[in-house]
Ligand SMILES: Cc1cc2nc3c(=O)[nH]c(=O)nc-3n(C[C@H](O)[C@H](O)[C@H](O)COP(=O)(O)O)c2cc1C
């Protein structure tokens, strides 16, 4: 069983590819009851998550704490756009002990910090590369290698992981800066439907952020079909990313080149 959490689709794609290769299932952990699953030592138990501030998102850690692995082979694939810090080590300590962990470099979806680590060009490059890097990871999972691999930890990873996460929880996880340009908004309600924190509600045809904090997964801002959502002034002019949109571009480019 492969569980995932995602804002903009990278983790879902990764979980689905692994599930396909292991003839297993990929499940969004927000739709699952961790206590309803029973594993044996014949099973694989994987968790795929995006790195947020050098750590796993809170719902991922909370979900994993409630799983009982019962000898299943446990692993995690964290995906990140720049640096992982000790995200996997922390997850293995505080969420679920993992036999192996892999980092996979993927396009950036931060949007709300005033810049992106990627441009459209580097996003496409990362996606073109991701399939073969993921295939190599899957082979190592199948071989049940033990250890933490392919992680880009940066300097002082333990100390910086602590610092970044503290900052994120105290200062960066507030919904207050989110707002919508009502003249652009087409009232489709997608932002409400995709918010995993249920922090967005449609009121009089436009989104309102009804919770003080959210996971800052950026699904609302990146998935808005008319780019009507902003995060203070920080997101202005920053390009919007979803896996589905950019993966389609990669496929179209490949098709055009072939023919
Ligand atoms: C709130 C937030 C914090 C993030 N923090 C980090 C980070 O510390 N290091 C990093 O390399 N990428 C970071 N990212 C980028 C994501 O981990 C990366 O783009 C990931 O592949 C997104 O996965 P998803 O499409 O499944 O949501 C962050 C993204 C968000 C939204």
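The values are calculated or read from the model by the stated rules, or taken from the named source; none is laboratory data. Since the structure is predicted, the reported quantities are computational estimates derived from the model, not experimental observations. We place every Cβ from the backbone using ideal geometry, glycine too, and count neighbours over all the protein chains shown.
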Exercise. Do we have any residue at all in segment 126-139 that's assigned by TED's automatic domain parsing to the domain that holds residue 83, part of a strand (DSSP E or B), more than 9 Å from the ligand (Cβ to nearest atom) and surrounded by fewer than 20 Cβ atoms within 10 Å (Cβ to Cβ)?
Worked result: no
Seminar exercise, completed: Sole miss for residue 170 among (1) within 18 Å of the chain's Cα centre (by Cα); (2) within 16 Å of the ligand (Cβ to nearest atom) is condition (1)
Problem set entry | Verdict on residue 100 being away from the ligand (no atom under 11 Å from the Cβ), under 26 Å from residue 214 (Cα atoms) and more than 17 Å from the chain's Cα centre (by Cα) | no
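Consider residue 56 carefully, then state whether it is more than 8 Å from the ligand (Cβ to nearest atom), buried (at least 21 other Cβ atoms within 10 Å of the Cβ), under 26 Å from residue 195 (Cβ atoms) and without any contact (Cβ under 8 Å) to a residue 60 or more places away in the chain. Break it down stepwise before answering.
Values: more than 8 Å from the ligand (Cβ to nearest atom): yes; buried (at least 21 other Cβ atoms within 10 Å of the Cβ): yes; under 26 Å from residue 195 (Cβ atoms): yes; without any contact (Cβ under 8 Å) to a residue 60 or more places away in the chain: yes.
Against the criterion (more than 8 Å from the ligand (Cβ to nearest atom), buried (at least 21 other Cβ atoms within 10 Å of the Cβ), under 26 Å from residue 195 (Cβ atoms) and without any contact (Cβ under 8 Å) to a residue 60 or more places away in the chain), residue 56 qualifies.
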Exercise. When only residues in segment 1-51 that are over 20 Å from residue 95 (Cβ atoms) and within 14 Å of the ligand (Cβ to nearest atom) count, which is surrounded by the most Cβ atoms within 10 Å (Cβ to Cβ)?
Worked result: 8
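Which of the following residues is within 16 Å of the ligand (Cβ to nearest atom), outside the structural domain of residue 79 (by TED's automatic domain parsing) and assigned to a loop (DSSP other than H, G, I, E, B): 238, 250, 226?
Working: 250 fails: assigned to a loop (DSSP other than H, G, I, E, B); 226 fails: within 16 Å of the ligand (Cβ to nearest atom).
Residue meeting the stated conditions: 238.
Has segment 93-107 got at least one residue that is assigned to a helix (DSSP H, G or I), in the same structural domain as residue 79 (by TED's automatic domain parsing) and on the phi < 0 side of the Ramachandran plot?
yes
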For this session: Could you list, in sequence order, all residues of segment 227-259 that are out of contact with any strand residue (DSSP E or B) (no Cβ under 9 Å at 6 or more places or on another chain) and loosely packed, with under 11 Cβ neighbours inside 10 Å?
Result: 233, 237, 252, 255, 256, 257, 258, 259
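Table: residues versus (1) without any contact (Cβ under 8 Å) to a residue 12 or more places away in the chain; (2) loosely packed, with under 13 Cβ neighbours inside 10 Å; (3) assigned to a loop (DSSP other than H, G, I, E, B); (4) touching a helix residue (DSSP H, G or I) at 6+ places or on another chain (Cβ under 7 Å).
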site	(1), (2), (3), (4)
159	yes, yes, no, no
164	no, no, no, no
171	yes, yes, no, no
183	yes, yes, yes, no
191	no, no, no, yes
196	no, no, yes, yes
216	no, no, yes, yes
222	no, no, no, no
Problem set entry | Odd one out for residue 114 among (1) out of contact with any strand residue (DSSP E or B) (no Cβ under 8 Å at 6 or more places or on another chain); (2) assigned to a helix (DSSP H, G or I); (3) surrounded by fewer than 21 Cβ atoms within 10 Å (Cβ to Cβ) | (2)
